[in-house]
Structure formats: structure tokens, C-alpha cells
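These notes are about the structure you will find just below.
The values are calculated or read from the model by the stated rules, or taken from the named source; none is laboratory data. Bear in mind the structure is a predicted one, so any value in this text is a computation, not a measurement. Virtual Cβ from ideal backbone geometry, glycine too; neighbours counted across all protein chains shown. Heavy atoms of the whole protein, side chains included, go into the accessibility calculation; ligands, DNA and RNA do not. Shrake-Rupley method; radii C 1.70, N 1.55, O 1.52, S 1.80 Å.
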Amino acid sequence: MRVFRISLLIAMAAAPAGAQQWLNADTSKKVNQSNFRSLEDWPAPNEFRSASGAPGGRYWQQKVDYTIRTSLDTVAHAVTGSERMTYHNNSPDKIGYLWLQLDQNVERQDSRAATMTRALPPKLANLSPAALRAIGLGEPFDGGFKLDRVELVDATGGKTKAKYYVNGTALRIDLASPIAAGQASVVEIDWHFNVPENGRNTQRNARDKVKDGWEYEVAQWYPRAAVYDDVNGWQTDQFISQGEFYLEFGDYDVSITVPHDHIVRATGTLVNPEQVLTATQRSRLASAWTSKEPVFIVSPAEVMKPSSRPAGTGPLTWHFTAKNTRDFAWASSKTFIWDAMGFAYHPGQTPIELHSVYPRDGMPLWDKYSTKAIRQTMITYGRMAFEYPYPQASNVHGSVGGMEYPMIAFCGARPRPDGTFDESLPFRLISVTIHEVGHNWFPMIVATDERKWGWMDEGMNSFVQYYGEKDWDQSYPSRRGPAKLIVPYMKDPNQTSLMTETDFVFANYGNQAYSKPAAGLVMLREQLLGPESFDRAFGEYAKRWMFKKPQPADFFRSMAQGAGEQLNYFWRGWFYTTYANDQAIKSVETQNARDLVGTESKGKFYNRITIQQLGGLVLPIIMDVTFDDGSKQRIKLPADTWRFNEREFPYGFFSDKGVSGVVLDPDEALADINRDNNTWKKPAPLPIP
Ligand SMILES: [Zn+2]
């Protein structure tokens, strides 16, 4: 069937003379209110961040290297550490003092996170200990960093006590003299802290008692340089737990001393396997890299058997190095079963090591799915963003529900203590693994500011995660991604725009930072740009910002430039406002075309479908039109349809048959919040009296 598009002419002809066409039809307003206009909130491009969305010609970022010696005390549940931090000033500025992040201080009784007015439930009586801790109540805990030594190291290696100041979760260290551009400075810090049980105020690092003993997930655990960049200067936002972290890239050399019977996984590469693994384990590892299935390095039967550890009884030091990462985390336990396999993108490539560690409590799921889900992540993210550039990726079972660090993820999904589980649990484990390992791309490598822009890491990551799940299984029950899953949130009067900074988002952070941006990007890919155009632009964005620090406008500009599309209406509608999509059919009129244009149009119908936009969000129009003979026609109109009038559009077309029905957004692909006004059916003819 041929469909003639004449609606633009009709729309212009239908507009009364002098009518104003902007969204807010207030003629006293001289301001252009069109949602298609440029975004006034964007910073002007400059030599550091270009108008194309790429890093500018004079883009710079700091580099911070760490050498850390640490030990775990499994009686006191405490971590003690000593670090040497080398701060390379690549900025054009003189740096007179350093700011560091002291994220453990969130666990202090008087921390801002503990005292902040969270949504306090009306009755405390029935709350679990974990829920009480989450609102800063429960049994007292001596948390937070104790700083034992802070010293400046001069060029000759001489050390002097530093003047320093602690402000909540931030530490300022005054330097003896400013670091000039291109120069470096060294500080040394000794510290210790108690590892919180089950995460307390934050779900980032924890100890967890499983069947065979304690597991330790150690993160945000050493004083870490805050970011100094061209946008914030020093980014000193307090850690109050929702906004995760924003750090500089650097090289790490970390020695971790733990009890003899422990197995350690960490960021980076283990450089002394002959000191901490048995000969059997080393040969199993060597065979794992070419295996098509995960290989047990420590099998369930071997856990905690002396034969699974090198001879001797004293503490062992596990030595790891990592290059160009923005953080370092680790996990240690005597309860760990360990499996591993390799993954290569290309024949001849040194395989990337994929590791999973979990206690018996994680069986029978972790052995089946964890390492394979890491492999899936490598494949999908490798295709949509860039190939994984690090030598290994690990997944660790523990009480942290889901958290990411470079090369290491903490995931919580596990069976009940009796080994039973719901049907949904395998999917939860696969999803959380793809998600947390996927964070290696966003924001561990495409290193966005998580303290400010939750959607740039959680949303972008949840978006790619959705495709990882589809790659795993076309009928995977994804919780995030498809537009129709975000509809209930789009109706929520309390939602905050995606451009609300992370720590101001009071309620519904999961929808705000994860689901809505993921659904928006799926819509942008599938409905607005098409997969080919989207993927080209998205891949370019990811690659141009690898190991760099993009801001929101860098992403928006990269996508618009790469796709060659003016996407202001979409950035404004989906990211800067809480507009919803509510397209409605106002009327459908069908006339015999002969009455309009003469006998040569005999047998043709002129149809006019008037569509309204009641929710403020500009999106394309997708509709299925059914004709009198039952045949169907899919009509797709670009978002530009709304350029002259964002409230109402009369779409006109000729057809050979009369229209008997219309359905807007038939695939529920545009998150339309009210489907009651999406359908029209030709009324049945009146009975002849
Ligand atoms: Zn996440």
C-alpha cells in the first residue's frame, strides 16, 4: 500500500495566521521555548574539552602512583597499611596542598552519612540489624581511619611531618612547597581501620561470616588522592555513600599480608605465585587460560585443607601490581573456592584471566555461572565499547550486594543457607556479575565523576548490561533496559531529573541512576538513531575517553556528532527534565479524496490522524494503522515532526482503503505513560432504524 506524506503542508496550512508555535503558547513570552533549542546548561567548549565531544588538544589529567604494604588481622578484623603516594602534577597549575579521600570515615559514628536524615521509618522495632545500621543505628562500631603517620618525602628521601587537616571524609595535606606543573611530590601515610560487618553505613566494603568463616572484601581502604581536574579543581565532595568515587589513574604496587590459609584476589596481577600458591595450583592456572570451561584452582573438596596451601604456617604476603587503574581493591578468605578460565578476543592474544572466588555458600550457582558471566561481559562490552585492556577480571562472593573496582567485582547473590534458591537467583547472579564486571568499562576506564553523575556510570553500564543479558539469552528476563519497564517511574511525581547530582537524589536511586538512563539509551539506539548509527557514535565516545574523564556534555556532544543528529530535544527531555511521553490520538478522520481533489483520485481516501503530546517529551511517533480489509501499515515519523508545534500534529496521508484502527507505540518501545489514549477504532455503523 502506498502512503503519501502530505502532513507538513497540511500542518502549515492548518495553523491560523500569526499563531505562535512554541511549546508554551504564551504570546507574551519572547523566549524560544522549543525543546529543540540548544542546551544553555552546557559549558562552552575549550582547549581541554572540544565542541566535538572529544578530549581537547590540551586535555590533561593528574597521575597518582601508590606503593602500599598492608596486613589483615582476622582476630581484630582490622586492616593496617602503609602507603607511599607519588603525585604527578600534569595540570598547568601550581598545587600547594593535596586533598585525599578518606572514605572509611563514612563508618564513624558521627559521619555525615550516619547522621544524615535518611528516610527514617516510622517504627524501628521490626528492623533487622542490617537495616538499623543502614540508618546509622544499631550496635556501636569503632569505624573510620586512624591516621598513624603523615609525612612529606623530599627529593633526597628526607621525611618531615606533614601538616594535615581532616574534614569528614576528606584529608588535606599541606606541602612544603607547591608542586610546579610537570613536577611530582611524595607523601607517606600509615593508617589502620576496623572492617565493618556487612557494610554498615555503606555497601562498599565488608566482612561477612559464611559457613566456613569470615570473608573480607576490602575497598575504599587507603587514603586516595582526590581528583584535581579542569572542571572542579579539587573534587572534594564528601563521601556519604551513594556517590561512589572519582579518582586519578596511576600505577599500583601492593603487598597484602594475610593468614597462611587465606586465598586473596585483588586488582592487578599476582607477581609472586610461587610464594603463595602450590605447584598444583600454578599448573592448574596455566591450563585454565586455554580451557573452554572454568577450571578449579581450589576445588570445593580442597577448601581449608592444608594441601591447598604452601608448606608452613606463618602469614603469607600476596604481591600484586596494576598499571593505569583508578583504584585498587582486594578480598581475602580461607573459605574461598577458586575457579578460572581464559578469554581472548583474537587468536594469538595472551588470554585475559577470568577468576571467581566464593565460599561453599555460593554453590551450586557460583561455580556454574560466575566465570562464564565474566566471559559474557568481555564479549558484549568488547563489541559495544572497546576490548578489555586489563590482564584479568575477578568476581568475589560476599555480603557487598554489588560493587565494582578495577579488575575486581564484589557480588552478593547466593543461595539460602540450605542451598535452595528461587528460579530468579541464577539470573540475579548473572546480571549482577555482568553489571559489576561491566563497570570496568564505565566508570573504571571511561572514568566519569560518580560523586556527581550517577547516570554516567550506572545508567550507561546498565544499558550495556542489558545487551549482555540478551547476548546470554535472547529471552533473558532483564529488569532494566526495555522502555516499558520504566513507565511506572515516569509517572512518579517525585522523580528527579537525571542531571540531579548523585547525592541529592533522595528516593528511587535505582530508577533514577540505573533504569531511566538505561531505558533512554535503549530508546535512543533502537528508535531514534538506529543500532548502526548509535553503535558507531557510542563506540567512539567510549574509545576517545578510555582512561580519561568525560563530563556529561562530552557524552552528549560525542553522540550527536558521531550520529550527525541534533539530539537537543532528547537530552533536554530525558536527561534535564522529568517530561514523560504521553502521545494520544485526538481524532482520526477519513474522507473520500474525490470530494477534495477531483475525479482522478477516485477510490482513494484522505486520512488525517491528529496526535497530541500531553507529557512534554518529544519523541518519534510510531503507529500501526489497520485498514478496512484487515491489512496493516507501520508508520514511523521522526521526532522532527514536532518542530513547529510540540503539542499537536495532524498527520495526513492517502490510502486505497479506509482506516479502521490506529495504535500508537504498538511495541511499547517509547515508554508512553498512558496507553488508554493510544488506540482508535472506527465506530461501528449505526443500525438502520
Ligand atoms: Zn553499578
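Points to keep in mind about this one:
- Criterion: more than 16 Å from the ligand (Cβ to nearest atom), out of contact with any strand residue (DSSP E or B) (no Cβ under 9 Å at 6 or more places or on another chain) and open to solvent by 10 Å² or more (accessible area, probe 1.4 Å) - qualifying residue of 474, 527: 474
- Selection of segment 426-443 for residues being part of a helix (DSSP H, G or I), touching a strand residue (DSSP E or B) at 6+ places or on another chain (Cβ under 6 Å) and either near the ligand (Cβ under 9 Å from one of its atoms) or closer than 13 Å to residue 478 by Cβ (or both) yields 432, 436.
- Restricting the first member to segment 457-478 and to residues that are in contact (Cβ under 8 Å) with a residue 60 or more places away in the chain and closer than 18 Å to residue 423 by Cα, and the second to residues that are more than 11 Å from the ligand (Cβ to nearest atom) and of a type in the set (Phe, Trp, Tyr), no beta-carbon pair is closer than 7 Å while six or more apart or on different chains.
- Members of segment 490-524 that are open to solvent by 10 Å² or more (accessible area, probe 1.4 Å) and basic (Lys, Arg): 491
- Residues that are away from the ligand (no atom under 16 Å from the Cβ) and in contact with a His (Cβ under 9 Å, 6 or more places away or on another chain) were ranked within segment 388-418; the one that is modelled with the lowest pLDDT is 414.
- Yes/no for residue 487 being at pLDDT 95 or above, away from the ligand (no atom under 16 Å from the Cβ), open to solvent by less than 30 Å² (accessible area, probe 1.4 Å) and of a type in the set (A, V, I, L, M): yes
- Yes/no for residue 283 being over 27 Å from residue 444 (Cβ atoms), surrounded by 14 or more Cβ atoms within 10 Å (Cβ to Cβ) and either among the small types (Gly, Ala, Ser) or in contact (Cβ under 8 Å) with a residue 40 or more places away in the chain (or both): no
- Test: residue in segment 448-456 that is within 12 Å of the ligand (Cβ to nearest atom), out of contact with any Gly (no Cβ under 6 Å at 6 or more places or on another chain) and either within 19 Å of residue 368 (Cα to Cα) or open to solvent by 10 Å² or more (accessible area, probe 1.4 Å) (or both): no
Conditions tested, residue by residue: (1) under 17 Å from residue 456 (Cβ atoms); (2) of a type in the set (Asp, Glu); (3) outside any loop (DSSP other than H, G, I, E, B); (4) over 20 Å from the mean Cα position of the chain (by Cα).
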residue: 499; (1), (2), (3), (4): yes, no, no, no
residue: 512; (1), (2), (3), (4): yes, no, yes, no
residue: 560; (1), (2), (3), (4): yes, no, yes, yes
residue: 589; (1), (2), (3), (4): no, yes, yes, yes
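- Residue list for segment 623-634, filter: in a strand (DSSP E or B), open to solvent by 10 Å² or more (accessible area, probe 1.4 Å) and in contact (Cβ under 8 Å) with a residue 60 or more places away in the chain: 633
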